[in-house]
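Notes follow the structure.
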Amino acid sequence: MTQTDQHSSPQPAAQAARYSRIIGTGSFLPPKRLSNHDLVAQLAADGIETSDEWIVERTGIRARHFAETGVTASELALPAARAAIEAAGISASEIDLIIVATSTPDMVFPSTACLLQHKLGIAGGAAFDVQAVCSGFVYALTVADSMIRTGAARKALVVGAEVFSRLLDFKDRTTCVLFGDGAGAVVLSASDTPGILATELHADGRHAGILCVPGSLHGGQVTGDPLLKMDGQAVFKLAVGVLDKVARSVLEKAGRSDADIDWLIPHQANIRIMHGTCKKLKLPLDKLIVTVDQHGNTSAASIPLALDAAVRDGRIKPGDTVMLEGVGGGFTWGAVLLDL
């Protein structure tokens, strides 16, 4: 043995690659369901004219759910979270990271995630909110995936929860018919095999004004306008282009092609945007998961709501490759490619 051999230190074993996988999904919709006819009648009482035909033709929406007065985002998130935890076959105590994507938090602070953690009866793990509006769930899932890959967490609860009915101007028929309330959740777990294959996030603050709620609090009073404002045409034009581009980018990162996509779950905002995105990816429309007709636009909750619906009705099966993508106020957008 040489002198070098005698004094050389043993080399550490190569660390196994660490990935994350979705192991459970859950969702919750508040009991109050308003069909287009219900909402049209409610608006007519206030002198606002619209129709079921007008709403369906432009958006594909036929119904939505509204939370009752006083019901908060964390209260919607709780049953969705419990359903995801049960589906994952774990106990809540195993969750060491909670990320809630929401634009309608329970309060200014603490975070809705901290309030949800308390409602679940657990403590100690990190808990925080992500605010990227309708892209929020994609943002939150990407952050959770990164934290699991780096070893900062082992089991993450990722939730999208919204009470968007609180932000609507019911004198503006172009926006008040679009949105609904609800929550969707997934449990993301550390894994030796890839589940989340690739992610990508973007934002462009130059377009902040096309979709916003330009109000804030100052001295205990609301300043600005606390109701939702949207330039629908501008959002439509931006959305179709960026969704196609980001989807192709994550496919390239993952070494996959559009032919590998079993299911496309875009943010459920508008059926025309969803169909346009599907066609640009050269996917048949029967690979598109659609819940916007029954849920309306539930912002950050829309993707996990649609995912859970398709998992529970048996369309999405273990091993399927799923593309998630969303656009939202900010302007934000992103995509996640995953194997379930």
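The values are calculated or read from the model by the stated rules, or taken from the named source; none is laboratory data. No experiment lies behind these values; they were computed from the predicted model shown. When we count neighbours, we look across all protein chains shown, and the Cβ atoms used for this are built from the backbone with ideal geometry, even at glycine. Just so you know, the surface numbers come from the protein's heavy atoms only, side chains and all, with ligands and any DNA or RNA stripped out. Shrake-Rupley method; radii C 1.70, N 1.55, O 1.52, S 1.80 Å.
Results, tabulated for the structure shown:
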item	result
Solvent-accessible area, 1.4 Å probe, carbon plus sulfur percent, for region 186-288	54 percent
Cα gyration tensor of region 192-262 - equivalent ellipsoid semi-axes, whole Å, descending	36, 17, 9
The chain: equivalent-ellipsoid semi-axes (sqrt of 5 x gyration tensor eigenvalues, Cα, Å)	37, 23, 19
Segment D286-Q221, extension gain: residue separation times 0.36 nm, minus the distance between their alpha carbons	18.5 nm
Per-selection metrics, region 226-336 (Cα): Rg and Dmax in Å	13.6, 44
Reference-scaled alpha-carbon Rg (2.2 N^0.38 Å with N residues) for region 25-118	1.41
Under the span-like rule (Cα at least 30 Å along the axis, Kyte-Doolittle mean at least 0.0), DSSP H helices of the chain	232-254
Region 220-267-region 125-144 distance, computed between alpha-carbon centres (Å)	15 Å
Label point distance in nm, E86-Q233, each placed 7 Å from Cα along Cα→Cβ	4.8 nm
Bins of 5 Å, starting at 0 and running to the largest distance - Cα pair percent for region 100-238	2, 8, 16, 19, 19, 15, 11, 7, 3, 1, 0
Extended-chain gain in nm, criterion 0.36 nm per residue less alpha-carbon gap, T150 and F109	12.0 nm
Förster-model FRET efficiency, 25 Å R0, E252 and R315, C-beta, rounded to 0.05	0.45
Lysine pairs with alpha-carbon atoms under 16 Å apart, region 214-293, spacing 8 or more or separate chains	8
Heavy-atom accessible surface of region 17-63: percent carbon and sulfur, 1.4 Å	49 percent
Region 167-218, Rg to Rh (Cα coordinates; Rh as Kirkwood inverse mean 1/r)	1.13
Neighbourhood charge, 13 Å Cβ-Cβ cut-off, centred on L197 and excluding it, Lys, Arg +1 and Asp, Glu -1	-3
Longest to shortest principal axis, alpha-carbon extents of region 80-180, angstrom	47, 28, 26
Counted charge near H65, where neighbours are those whose Cβ lies closer than 13 Å (Asp, Glu -1; Lys, Arg +1)	-1
Amide N proximity, region 169-185 versus H37 label position 7 Å along Cα-to-Cβ, cut-off under 19 Å	177
